[in-house]
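**Student:** This is the structure I want to talk about, given as structure tokens.
The values are calculated or read from the model by the stated rules, or taken from the named source; none is laboratory data. The structure presented is a predicted model; accordingly, all values stated were derived computationally and were not measured. Cβ coordinates were reconstructed from backbone atoms using ideal geometry, including for glycine residues, and neighbour counts include every protein chain displayed. With ligands, DNA and RNA removed, areas are computed over all heavy atoms of the protein, side chains included. Shrake-Rupley method; radii C 1.70, N 1.55, O 1.52, S 1.80 Å.
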Amino acid sequence: MNRRAHDAVLLTLLLAAWGTASGQGYLLRVDSRAQSVAYRGVLLDSIPLGSVVTGPNGGPQTPDGYAVSCAPGAAYCEFYRPGLEQHGAPLVFGTDLTAWGFGIHGLSFHGDARLGMDLGDAAGVWPGTAPAFQLLEAYLDYARDWFSGRVGREVVRGRLGYTGFDGGLVSASYRAWGLSADGYLGLGLARGVALPVTSPALNPLDDFQPQKRQLVAGADGAWQFSRGELHLEYQREVDRETRNFVSERVAMSASLRPVAGWNLSGGADYDIARGFWGSSDAHLGYSRPRWGATAGARRYRPYFDLWTIWGVFSPVPYTAVDGSIWMTPVPALDLHGSGERYWYDDPAAETPLQPVEQDGWRWSGGIGVAIARDWSGAGDYQREFGPGAASNGWSLNLTWQPSARFTLGAAGGRQVRPLEFRYEQSEVNWFGLQADLRPTSRLRVSANATEYAELRDRPDASAFDWNQVRLSASVSWLLGSGGDGPPLPPPVRAPAPPPESQ
């Protein structure tokens with residue numbers, strides 16, 4: 001069955017459930033969002049070596065002032081011109097449907113779909129608009145007290161990330177001991193998106209792209225007790241055409257609360273297919289009514305499926321230590337700050353082109369103030385320095401909320417971002433207004449207008465200003481059956497921890 005036919009079957013299930021739900025019980029949320037935005041890239045150009053002139057700073061450039069790069073012995077020099085202005089107008093519709101009351105106690109249906117299009121003059125260029133229709137989830141769910149099962153398109157979430165597949169999932173729990181377990185099997189979707197890996201929209205590698213969807217299987221076990229919880233995950237993906245592994249990983253995580261106010265959490269994942277440890281972290285937190293703090297360390301290693309070529313480049317992991325603190329000295333004042341220091345491993349390059357930064361740091365701090373009964377404000381400042389770039393900036397916002405149904409806000413900020421490997425520094429100043437209206441408990445309307453003023457600071461003709469106004473609006477509408485229908489079946493909850501011994 002090809003992808004279009006497969007999605008058509010799932011969509012038919014969605015519509016059939018909707019038709020049935022119209023006479024039973026249902027909740028349907030419809031969201032729409034539109035945006036108007038302009039963007040611009042750069043165009044590679046060239047000029048004969050004999051036409052290059054010496055600029056006021058002594059470097060080579062074109063007669064009209066663009067800095068050029070001339071390779072030794074080349075007859076032409078290359079440079080970049082500002083690209084054409086492109087105006088995008090992405091429009092997105094989303095639906096989220098839950099239906100129940102099919103004559104079988106514990107049976108319900110859940111569907112989540114999205115339709116996106118670009119109405120601007122650069123139609124088809126805006127990311128995420130091809131393909132236009134995406135079915136995110138569509139599954140039947142049968143739940144009892146200790147057992148549940150799903151069939152259809154679904155997404156599992158855990159320490160190994162988000163995994164989408166078309167197949168089935170079963171869950172079981174033993175609440176008296178705080179134990180639960182999940183198992184799933186199906187045809188997988190590409191990592192991080194609701195599209196199969198064979199989709200033309202995911203074809204940057206041409207001949208390297210798999211010809212069939214991978215088979216994904218996994219299991220998750222958990223133990224919850226009075227002072228914390230433990231999790232163990234396993235996942236394997238296999239290419240159905242070559243029978244080769246796409247991935248095989250295992251992950252462990254834990255959260256402990258040894259005494260009141262303290263929390264210790266952490267975990268790690270191991271790549272069985274490649275034979276090395278992936279990302280890991282450990283953090284200790286302390287919280288009181290008016291202040292709290294966390295401190296910890298983490299190690300991040302990028303992960304790629306075995307069918308891609310990116311793993312050949314041996315992505316370098318980094319290790320970081322971080323901390324954060326927040327406090328509310330008085331009810332109307334909130335203070336918070338965080339910082340991190342990180343180091344990349346030695347890339348072990350045999351012939352490095354040039355020495356580069358291998359460590360960096362970032363920190364930020366902010367304040368929130370309740371100015372008056374209906375007014376509040378906040379401000380934040382951040383700085384960062386690391387390999388390739390640095391940045392520093394601030395932001396301020398002011399909010400007026402005369403009632404729970406209406407909010408009006410203003411926000412602005414500035415960011416400066418010098419780049420290590422480019423001959424420029426980018427500065428952006430922005431200011432915007434936003435409004436949020438909830439005329440009823442089922443309807444929400446929002447609008448936003450933001451002006452961006454960007455300056456490319458460099459001593460040649462590429463120092464162009466790129467200013468624009470971005471407009472956006474969204475509507476969210478919740479529909480549901482009346483009170484005559486049967487109630488929504490109880491959700492499958494995590495097993496309750498056993499009572500703490502006295």
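**Student:** Filter the stretch 304-328 down to the residues that are touching a residue at least 60 places away in the same chain (Cβ under 8 Å) and surrounded by 17 or more Cβ atoms within 10 Å (Cβ to Cβ) and list them by number. Before the answer, list the steps.
**Tutor:** Of the stretch 304-328, the ones touching a residue at least 60 places away in the same chain (Cβ under 8 Å) are 305-309.
The answer is Asp305, Trp307.
**Student:** Going by what's in this entry, would Ala293 be described as open to solvent by less than 40 Å² (accessible area, probe 1.4 Å), within 22 Å of the chain's Cα centre (by Cα) and of a type outside the set (Phe, Trp, Tyr)? Lay out the reasoning, then the answer.
**Tutor:** On the way: open to solvent by less than 40 Å² (accessible area, probe 1.4 Å): yes; within 22 Å of the chain's Cα centre (by Cα): no; of a type outside the set (Phe, Trp, Tyr): yes.
No: the conditions fail for Ala293.
**Student:** Among the residues of the stretch 170-186, count how many are closer than 22 Å to Val151 by Cα, surrounded by fewer than 19 Cβ atoms within 10 Å (Cβ to Cβ) and not hydroxyl-bearing (Ser, Thr, Tyr).
**Tutor:** From the stretch 170-186, those closer than 22 Å to Val151 by Cα are 170-173, 180-186; that's our starting set.
Now drop any that are not surrounded by fewer than 19 Cβ atoms within 10 Å (Cβ to Cβ), which leaves 170-172, 181, 183, 185.
Filter again for not hydroxyl-bearing (Ser, Thr, Tyr), leaving 170, 172, 181, 183, 185.
Counting residues in the stretch 170-186 that are closer than 22 Å to Val151 by Cα, surrounded by fewer than 19 Cβ atoms within 10 Å (Cβ to Cβ) and not hydroxyl-bearing (Ser, Thr, Tyr) gives 5.
**Student:** State all residues of the stretch 225-241 that are in contact (Cβ under 8 Å) with a residue 24 or more places away in the chain and closer than 22 Å to Gly164 by Cβ; if no residue qualifies, say none.
**Tutor:** Initially, the stretch 225-241 is screened for residues in contact (Cβ under 8 Å) with a residue 24 or more places away in the chain, giving 225-231, 233, 235, 237-241.
Answer for the stretch 225-241, where residues must be in contact (Cβ under 8 Å) with a residue 24 or more places away in the chain and closer than 22 Å to Gly164 by Cβ: His231, Glu233, Gln235, Glu237, Val238, Asp239, Arg240, Glu241.
**Student:** Could you tell me whether the stretch 436-444 includes any residue that is in contact with a Lys or Arg (Cβ under 6 Å, 6 or more places away or on another chain), modelled with pLDDT under 95 and part of a strand (DSSP E or B)?
**Tutor:** Within the stretch 436-444, none of the residues are in contact with a Lys or Arg (Cβ under 6 Å, 6 or more places away or on another chain), modelled with pLDDT under 95 and part of a strand (DSSP E or B).
**Student:** Do we find a residue being touching a Gly at 6+ places or on another chain (Cβ under 9 Å), touching a residue at least 24 places away in the same chain (Cβ under 8 Å), within 30 Å of Gly116 (Cα to Cα) and among the aliphatic types (A, V, I, L, M) anywhere in the stretch 205-221? Quick ask: steps written out before the conclusion?
**Tutor:** Within the stretch 205-221, the first condition is being touching a Gly at 6+ places or on another chain (Cβ under 9 Å), and the residues that meet it are 213-220.
Applying the additional criterion that residues be touching a residue at least 24 places away in the same chain (Cβ under 8 Å) yields 213-220.
Right, trim to within 30 Å of Gly116 (Cα to Cα) and you get 213-216.
Within this subset, residues satisfying the condition of being among the aliphatic types (A, V, I, L, M) are 215-216.
Yes, the conditions are met somewhere in the stretch 205-221.
**Student:** Quick check on this structure: which one of Ala217, Ala222, Ala251 is among the aliphatic types (A, V, I, L, M), closer than 17 Å to Phe165 by Cα and modelled with pLDDT of 95 or more?
**Tutor:** Values: Ala222 fails: closer than 17 Å to Phe165 by Cα; Ala251 fails: closer than 17 Å to Phe165 by Cα.
On inspection, the qualifying residue turns out to be Ala217.
**Student:** Given (1) crowded, with 16+ Cβ neighbours inside 10 Å; (2) at pLDDT below 80, identify the lone condition not met by Pro491.
**Tutor:** Evaluating Pro491 over (1) crowded, with 16+ Cβ neighbours inside 10 Å; (2) at pLDDT below 80 leaves (1) as the failure.
**Student:** What is the number of the single condition among (1) basic (Lys, Arg); (2) out of contact with any helix residue (DSSP H, G or I) (no Cβ under 9 Å at 6 or more places or on another chain); (3) surrounded by 15 or more Cβ atoms within 10 Å (Cβ to Cβ) that Lys212 does not meet?
**Tutor:** (3)
**Student:** Considering each residue of the stretch 254-279, count those that are open to solvent by 30 Å² or more (accessible area, probe 1.4 Å) and part of a strand (DSSP E or B), and give that number.
**Tutor:** Number of matching residues: 9.
**Student:** Additional query: Quick one: in the stretch 41-53, of everything that is among the aliphatic types (A, V, I, L, M) and more than 21 Å from Arg456 (Cβ to Cβ), which residue is surrounded by the most Cβ atoms within 10 Å (Cβ to Cβ)?
**Tutor:** Pass one, the stretch 41-53, residues among the aliphatic types (A, V, I, L, M): 42-44, 47, 49, 52-53.
Still in the running and more than 21 Å from Arg456 (Cβ to Cβ): 49, 52-53.
Working: Leu49: 15, Val52: 18, Val53: 12.
My answer is Val52.
**Student:** Would you be able to tell me the number of residues in the stretch 54-100 that are open to solvent by 40 Å² or more (accessible area, probe 1.4 Å), part of a strand (DSSP E or B), more than 15 Å from Leu44 (Cα to Cα) and of a type outside the set (A, V, I, L, M, F, W, C)? Steps first, answer last, please.
**Tutor:** Step one: of the stretch 54-100, the residues open to solvent by 40 Å² or more (accessible area, probe 1.4 Å) are 54, 56-58, 60, 63-64, 69-73, 75-76, 78, 80-81, 84-87, 92-93, 95-96.
Narrowing the set further to residues that are part of a strand (DSSP E or B) leaves 54, 60, 69, 76, 78, 80-81, 86-87, 92-93, 95-96.
Of the ones still in play, those that are also more than 15 Å from Leu44 (Cα to Cα) are 54, 60, 86-87, 92-93, 95-96.
Applying the additional criterion that residues be of a type outside the set (A, V, I, L, M, F, W, C) yields 54, 60, 86-87, 95-96.
Going through the stretch 54-100 one residue at a time, the tally reaches 6.
**Student:** Considering the stretch 255-309 alone, what residues qualify as being closer than 30 Å to Val330 by Cα, out of contact with any strand residue (DSSP E or B) (no Cβ under 6 Å at 6 or more places or on another chain) and β-branched (Val, Ile, Thr)?
**Tutor:** Hit for the stretch 255-309 is Val259, nothing else.
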